[in-house]
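Comments concern the structure below.
The values are calculated or read from the model by the stated rules, or taken from the named source; none is laboratory data. Everything numeric here is computed off the predicted structure, so don't read it as measured data. Cβ placement follows ideal geometry from the backbone for every residue including glycine, while neighbour counts extend to all protein chains displayed. Just so you know, the surface numbers come from the protein's heavy atoms only, side chains and all, with ligands and any DNA or RNA stripped out. Shrake-Rupley method; radii C 1.70, N 1.55, O 1.52, S 1.80 Å.
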Amino acid sequence: MRTWLLGLALASVGTAAMAADQVTPPAAPAAPAPVPAPARPVEAAKPGDLTMARVFGNPDLSGSQPKAVRLSPDGTLLTSLRNRDDEKERFDLWAVDTATGAARMLVDSKKVGSGAELTEAEKMQRERARIGGQKGIVAYDWAPDGKSILVPLDGDLYLAGLDGKVTRLTDTPGGELNPVVSPKGGFVSFVRDQNVVVQPLSGGAARAVTTGGGGTVHFGEAEFVAQEEMHRDTGYWWAPDEQHIAVERFDEAPVHVATRASIGATGTKVYEQRYPAAGTPNVLVDLYIMKPDGSGQVRVDLGTNRDIYLARVDWTPDGRMLLVQRQSRDQKLMEMLRVDPATGKSTILFTEKSGVKSWLNLSDAYRVLKDGSLIWRSERSGYGHLYRFASGKWTQLTKGDWVVTDLVGIDEAKGRVFFLGNKDDVLEQQLYSVDVAKPNAITRLTEAGWWNSATMDAAASRLIISRSNPKQPTQVYLADATGKRISWINENAVVEGHPYYPYLASHQETKFGTLKAKNGMTLYWEMITPPLEPGKKYPVFFEHYGGPGTGQVVTRGWQGALPQYLVDRGYIYFKIDNRGSYNRGRAFENQIYHAMGTVEVEDQLTGANYLKSLPFVEPSKIATYGWSYGGYMSLKMLEKTPGVYAAAVSGAPVTDWQLYDTHYTERYLGDPAADPASYATSAAVEEANKIVDPLLLIHGMADDNVFLDNSTKVAARMQATDTPFEMMFYPGYTHRVAGPGISEHVWGTILNFLDRTVKDKPVPEATSAASPTPAK
């Protein structure tokens with residue numbers, strides 16, 4: 001379950017609003033009674049305040065936001081995907097001359113593209129990658145010689161020259177998945193009709209190198225849970241010398257078939273979707289090694305236990321060995337296999353094991369070096385840190401009560417490792433370096449007060465650094481290996497002419513603080529308030545996510561305009577990271593093990609109690625909102641702490657964890673057959689009748705990740721027990737309910753609901769705040 005946060009997951013065209021506040025006769029279940037769609041919420045009246053139309057309109061208030069920024073192989077060009085001022089969801093391919101700074105569009109997605117509809121397989125891939133709402137060019141791949149770029153567009157492949165000439169490589173109705181240029185530039189490869197296809201880049205016929213794909217069998221693709229939960233998006237890997245390709249084969253035949261109704265505005269499509277729900281069989285995975293023409297196939301020895309996960313696959317730099325990460329079904333054991341490409345024989349290089357009440361988090365923060373050693377991120381110390389594995393021995397390169405979040409690059413000649421982490425501040429991600437010869441002598445390369453991300457060229461000579469803070473939308477710059485800025489790629493300064501500049505006067509400061517959980521662990525919160533007037537008390541928009549894995553939401557990064565819009569409307573904006581969330585070390589994260597729906601609710605209550613203790617907060621007007629895992633949290637918070645929250649919005653919630661997928665759910669709750677009690681207590685259906693506070697339930701009616709069944713089960717339970725609630729379901733929308741001209745409907749629905757039930761509701765004559773947990 002990848003994180004869905006404020007503004008990302010919500011928005012849609014809609015059905016009429018429904019309210020379940022009248023059920024007759026009481027003895028029989030009844031559907032929610034339709035009510036007229038609510039009027040648009042009253043917008044801010046003060047000049048300079050944000051409006052809903054402007055928050056979701058064009059151009060993007062965060063300014064230009066280039067994606068996939070890369071240097072050409074020779075370093076003369078810097079390419080990126082840029083969105084349009086008049087259509088912020090559409091991206092084109094641009095290039096900037098690194099010597100002169102001159103920018104030009106290389107590929108115009110509207111002129112070059114056919115506008116053809118994507119295949120269902122590609123649509124689902126984009127959903128997994130959280131780019132389902134993007135149009136135009138969403139990815140590209142430089143040829144190694146730096147003379148051309150592979151561009152997937154509208155289901156086909158194009159080759160763009162640096163002179164502006166674009167050649168169409170494919171023209172088929174089936175579409176091409178996972179396209180790449182081979183490491184030496186000899187071929188372009190992709191998946192078509194569930195088989196891997198290889199085509200000479202210089203021209204020539206495409207050839208399927210696997211032929212067994214079809215029906216339930218797929219070659220070269222990543223299975224559903226690999227894409228959704230394991231952050232593995234492909235199923236084939238070229239050797240660096242182009243002598244071999246490693247290809248995953250998976251068979252979905254054992255996987256449960258879920259009948260999913262994709263309910264649209266003009267009709268309903270029924271899909272027989274292979275969905276591996278918790279406790280049910282996964283796909284059967286095999287791995288083959290073959291030559292680029294498909295000959296010489298050997299099957300990799302993955303062991304006798306077929307019930308495993310193929311977590312990661314990598315070639316050594318010389319192409320002589322394949323490294324495979326094999327993860328156990330319970331995700332407590334990871335074995336690094338060393339595979340001989342000539343025979344497929346495997347041996348265990350090393351293993352990682354979790355604690356008894358814990359699990360192993362997968363990571364991409366590792367690199368195989370030319371000398372045969374490995375830079376590897378491990379949580380064996382209790383925190384995610386970097387190690388060097390050489391000749392069977394481990395050397396810890398970083399240590400302390402902080403976390404390495406990613407590996408950026410390695411200068412092998414100098415023995416220097418570049419990485420991201422939160423060494424100096426939990427709320428900041430900074431870029432650091434450490435020398436292999438001097439473990440733990442760490443140098444910070446980026447400026448304090450920012451949330452940074454970075455990529456590096458293969459020579460480890462130049463960095464592309466992206467940064468933001470609560471006052472500054474994302475900036476991108478080119479830096480040398482010391483972190484010194486060479487030039488701006490996108491300064492994005494909020495000055496006159498920037499889309500956000502007219503609203504600077506109303507922009508309010510983001511404040512941060514800490515509270516203590518019941519067990520003494522530190523919880524970080526953030527808050528944005530309107531200009532406070534003496535003696536006035538304000539309602540609160542309390543956002544949460546709460547889930548493990550990717551759950552850190554409190555950072556010193558830019559959050560977009562939506563929180564500021566809510567503040568302009570008179571709300572205090574607040575959120576807190578509960579136990580179980582990521583980037584805080586194993587002890588903090590392990591609190592949620594077999595305990596989902598418990599410690600998160602406790603810690604959100606700690607935040608609510610703190611808010612109620614503040615003299616400028618109206619304690620009877622704290623509204624809470626969440627999407628996906630956050631939507632689940634909304635339900636559990638109302639069920640477990642009635643009367644604390646004035647109202648809640650639950651978007652696309654998981655309500656029964658036996659309906660969600662294997663890799664995510666079993667990681668935290670285990671096998672439902674072995675521990676049914678954890679599944680029973682974590683579910684949100686049975687106790688839905690205990691909800692006494694106003695609830696708005698939202699879901700996309702074509703959700704292929706968190707099925708609509710999750711919300712209908714809660715709705716049916718509340719209707720059968722005459723429990724009032726309101727709901728808004730969106731025809732044709734998946735887990736991401738968003739889009740141009742649609743977001744206003746969802747947020748209009750949410751804010752009308754919160755205005756009625758929270759903001760504009762009379763304050764009780766006597767309100768008593770719960771005892772606060774003292775702030776640090």
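I'd like to check something: does the range 594-606 contain any residue that is modelled with pLDDT under 95 and either within 23 Å of His735 (Cβ to Cβ) or aromatic (Phe, Trp, Tyr) (or both)? Within the range 594-606, none of the residues are modelled with pLDDT under 95 and either within 23 Å of His735 (Cβ to Cβ) or aromatic (Phe, Trp, Tyr) (or both). Checked against (1) part of a helix (DSSP H, G or I); (2) of a type in the set (D, E, K, R); (3) in contact with a His (Cβ under 6 Å, 6 or more places away or on another chain), Asp703 passes all but a single condition, namely (1). If you go through the range 751-764 and keep only what is among the aliphatic types (A, V, I, L, M) and either in a strand (DSSP E or B) or surrounded by fewer than 21 Cβ atoms within 10 Å (Cβ to Cβ) (or both), you end up with just Val763. Once the range 449-464 is narrowed to residues that are farther than 18 Å from Pro73 by Cα and without any contact (Cβ under 8 Å) to a residue 60 or more places away in the chain, the residue that is most open to solvent (accessible area, probe 1.4 Å) is Ser453. Give me the pairs: first residue in the range 96-115 and under 30 Å from Thr172 (Cβ atoms), second residue charged (D, E, K, R) and part of a loop (DSSP other than H, G, I, E, B), beta-carbon distance under 8 Å, and six or more apart or on different chains, which are they? Every condition considered, the pairs that remain are Gly113/Asp154; Ser114/Asp154; Gly115/Asp154.
Restricting the first member to the range 194-218 and to residues that are at positive phi, and the second to residues that are part of a strand (DSSP E or B) and open to solvent by less than 50 Å² (accessible area, probe 1.4 Å), the beta-carbon pairs closer than 6 Å and six or more apart or on different chains are Gln194/Gly214; Gln194/His218. Of the residues examined, Asp406 is not one that is open to solvent by 20 Å² or more (accessible area, probe 1.4 Å), charged (D, E, K, R) and part of a loop (DSSP other than H, G, I, E, B). Could you go through the range 567-578 and let me know if any residue there is under 30 Å from Gln65 (Cβ atoms) and assigned to a helix (DSSP H, G or I). Taking every residue of the range 567-578 in turn, at least one turns out to be under 30 Å from Gln65 (Cβ atoms) and assigned to a helix (DSSP H, G or I).
Looking only at the range 518-560, filter to residues that are small (Gly, Ala, Ser) and open to solvent by less than 10 Å² (accessible area, probe 1.4 Å); which one of those is nearest to Gly63 (Cα to Cα)? In this case the residue turns out to be Gly557. Scanning the range 251-272 for residues that are at pLDDT 85 or above and in contact with a helix residue (DSSP H, G or I) (Cβ under 9 Å, 6 or more places away or on another chain) turns up Glu252, Val255, Ala258. Each residue in the range 298-340 was checked for being crowded, with 21+ Cβ neighbours inside 10 Å and in a loop (DSSP other than H, G, I, E, B), and 2 pass. Does Lys575 meet the test of being surrounded by 22 or more Cβ atoms within 10 Å (Cβ to Cβ) and either modelled with pLDDT of 95 or more or aromatic (Phe, Trp, Tyr) (or both)? Spelling it out, Lys575 is indeed surrounded by 22 or more Cβ atoms within 10 Å (Cβ to Cβ) and either modelled with pLDDT of 95 or more or aromatic (Phe, Trp, Tyr) (or both).
Every residue, every condition in (1) crowded, with 24+ Cβ neighbours inside 10 Å; (2) under 22 Å from the mean Cα position of the chain (by Cα); (3) of a type in the set (A, V, I, L, M), yes or no:
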| site | (1), (2), (3) |
| --- | --- |
| Gly570 | no, no, no |
| Gly585 | no, yes, no |
| Ala595 | no, no, yes |
| Gly607 | yes, no, no |
| Pro615 | no, no, no |
| Trp627 | yes, yes, no |
| Ser634 | yes, yes, no |
| Lys640 | no, no, no |
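Residues in the range 58-98 that are open to solvent by less than 30 Å² (accessible area, probe 1.4 Å), among the hydroxyl-bearing types (Ser, Thr, Tyr) and in contact with a Lys or Arg (Cβ under 7 Å, 6 or more places away or on another chain): Thr79, Ser80.
Restricting the first member to the range 345-366 and to residues that are in contact (Cβ under 8 Å) with a residue 60 or more places away in the chain, and the second to residues that are part of a strand (DSSP E or B) and open to solvent by less than 40 Å² (accessible area, probe 1.4 Å), the beta-carbon pairs closer than 6 Å and six or more apart or on different chains are Leu362/Ala311. The set of residues in the range 214-237 that are open to solvent by 30 Å² or more (accessible area, probe 1.4 Å) and closer than 26 Å to Asp318 by Cα comprises His231, Asp233, Thr234, Trp237. Of note, Val644 satisfies the criterion of being open to solvent by 10 Å² or more (accessible area, probe 1.4 Å) and in contact with a Leu (Cβ under 7 Å, 6 or more places away or on another chain). Close Cβ contacts (under 7 Å, 6 or more residues apart or on different chains) running from residues in the range 396-425 that are of a type in the set (Ser, Thr, Tyr) to residues that are assigned to a loop (DSSP other than H, G, I, E, B) comprise Thr398/Asn440; Thr405/Asn422; Thr405/Gln429; Thr405/Asn583.
Is the range 586-597 home to any residue that is of a type in the set (S, T, N, Q), within 30 Å of Ser358 (Cα to Cα) and part of a loop (DSSP other than H, G, I, E, B)? No. In the range 131-179, which residue that is in contact with a Phe, Trp or Tyr (Cβ under 7 Å, 6 or more places away or on another chain) and among the β-branched types (Val, Ile, Thr) is surrounded by the fewest Cβ atoms within 10 Å (Cβ to Cβ)? Selected residue: Thr167. Within the range 626-669, restricting attention to residues that are among the aliphatic types (A, V, I, L, M) and assigned to a helix (DSSP H, G or I), the residue that is farthest from Arg579 (Cα to Cα) is Leu659. For the range 681-706, the set of residues classified as within 27 Å of Glu229 (Cβ to Cβ) and open to solvent by less than 10 Å² (accessible area, probe 1.4 Å) consists of Ser682, Ala684, Ala688, Leu697, Ile698, His699, Gly700, Ala702, Asp703, Asp704, Asn705, Val706, listed by residue number.
Taken across the range 331-351, residues that are among the hydroxyl-bearing types (Ser, Thr, Tyr) and under 24 Å from the mean Cα position of the chain (by Cα) do not occur at all. Please determine whether any residue of the range 647-660 is acidic (Asp, Glu), within 30 Å of Lys537 (Cα to Cα) and touching a residue at least 24 places away in the same chain (Cβ under 8 Å). No: the range 647-660 contains no residue that is acidic (Asp, Glu), within 30 Å of Lys537 (Cα to Cα) and touching a residue at least 24 places away in the same chain (Cβ under 8 Å).
Scanning the range 255-292 for residues that are open to solvent by less than 70 Å² (accessible area, probe 1.4 Å), outside any strand (DSSP E or B) and not hydrophobic (A, V, I, L, M, F, W, C) yields Gly264, Gly267, Tyr275, Pro276, Gly279, Thr280, Pro281, Asn282, Pro292. Inside the range 709-749, can you point out the residues that are farther than 20 Å from Gly264 by Cβ, among the aliphatic types (A, V, I, L, M) and surrounded by fewer than 21 Cβ atoms within 10 Å (Cβ to Cβ)? Correct list: Ala716, Ala720. Regarding the range 417-430, can at least one residue be identified that is closer than 30 Å to Gly63 by Cα, surrounded by fewer than 19 Cβ atoms within 10 Å (Cβ to Cβ) and under 21 Å from the mean Cα position of the chain (by Cα)? Yes, the range 417-430 contains a residue that is closer than 30 Å to Gly63 by Cα, surrounded by fewer than 19 Cβ atoms within 10 Å (Cβ to Cβ) and under 21 Å from the mean Cα position of the chain (by Cα).
Residues that are under 24 Å from the mean Cα position of the chain (by Cα), assigned to a loop (DSSP other than H, G, I, E, B), surrounded by fewer than 21 Cβ atoms within 10 Å (Cβ to Cβ) and not aromatic (Phe, Trp, Tyr): does the range 366-378 have at least one? No, every residue in the range 366-378 fails to be under 24 Å from the mean Cα position of the chain (by Cα), assigned to a loop (DSSP other than H, G, I, E, B), surrounded by fewer than 21 Cβ atoms within 10 Å (Cβ to Cβ) and not aromatic (Phe, Trp, Tyr).
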